[in-house]
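Presented below is the structure to which this report refers.
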Amino acid sequence: DVEIGQTYPIACRCAADKRDAERKKAEMDERVSIMRKRGIADAQTLHMRFENDLGYNPAICAKAKKYVANFEKMSADNIGIVFTGGVGTGKTFYAACIANALIDKGLLAVFTSFSRIIRTPFEDYEQMLKLLERAALVVFDDIGTERDSSFGLERAYDAVDARIKARKPIIVTTNFTPDEMSRVEDIKQKRIFDRIVGACIVVPVTGRSIRMVEQKNKMDA
């Protein structure tokens, strides 16, 4: 009880603001942790972040960072990216950097592949599709390497189609060039590429294989 004539300590405004800021940070950290567990399936992808970029392709890095900085508009306009290029040029790395950066902002970004989607057990498939529909961004890595089967291509199409119908952006990495994507003969594969190209801008990732450069550096060392 409060007694007249007694003095009582009262927290100053700055202390209250500090506690509020710490509470909000803890809540944000927990949210980010949950988002990362839902969206990033393997440990290697967790380390694909802009701060770990070795600077082999600064132009693509700048484009990826710009996409993150303008993601609100990219999402509103349903603008995705197709990173095309040879093996080891950094397509997967920069796509994962974007996903991790968005998760850091508290947005759900899912990094997956058609191969993983195709292997999803039947009883988990509908739940997986709902996750893809709900996410702010979905990255489909290494399209074109999945098993060429009617079942696999149908699942791949369903995943892409769910995103397009939800008017939410996707990022795709592939070794296929735009010309190769337009000339595929399999009608089901062509449907997939048509949906992707219609919703994305194409960003060629050129240059030497980063893996080969790193291997040479290790040999030199």
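The values are calculated or read from the model by the stated rules, or taken from the named source; none is laboratory data. Owing to the predicted nature of the structure, the values given are computational and were not obtained by experimental measurement. Backbone-built Cβ (ideal geometry, glycine too); neighbour counts: all protein chains shown. For the accessible areas, the whole protein counts, side chains as well, though only heavy atoms, and no ligand, DNA or RNA atoms are used. Shrake-Rupley method; radii C 1.70, N 1.55, O 1.52, S 1.80 Å.
Summing Lys, Arg as +1 and Asp, Glu as -1, what charge do residues with Cβ under 13 Å from the Cβ of ILE98 carry, ILE98 excluded? Charge balance near ILE98 sits at +3. How high is the FRET efficiency from PHE151 to ASP20, r the C-beta distance, R0 45 Å, rounded to 0.05? Given R0 = 45 Å and the Cβ-Cβ separation, E is 0.30.
Per atom type, the stretch 69-172 shows carbon and sulfur on 52% of its accessible surface, probed at 1.4 Å. Relative to its residue count, the stretch 80-221 spans a Cα convex hull of 126 Å³ per residue. Summing +1 for each Lys or Arg and -1 for each Asp or Glu among the other residues whose beta-carbon sits under 10 angstrom from that of SER182 gives -1. Counting 0.36 nm for each residue step from ARG116 to VAL184 and taking away their Cα separation leaves a gain of 22.3 nm.
Taking 0.36 nm per residue of separation and subtracting the current Cα-Cα distance, fully stretching the chain between ILE4 and VAL202 would add 63.9 nm. For the stretch 104-148, the per residue solvent-accessible surface stands at 50 Å², with DNA, RNA and ligands left out and a 1.4 Å probe.
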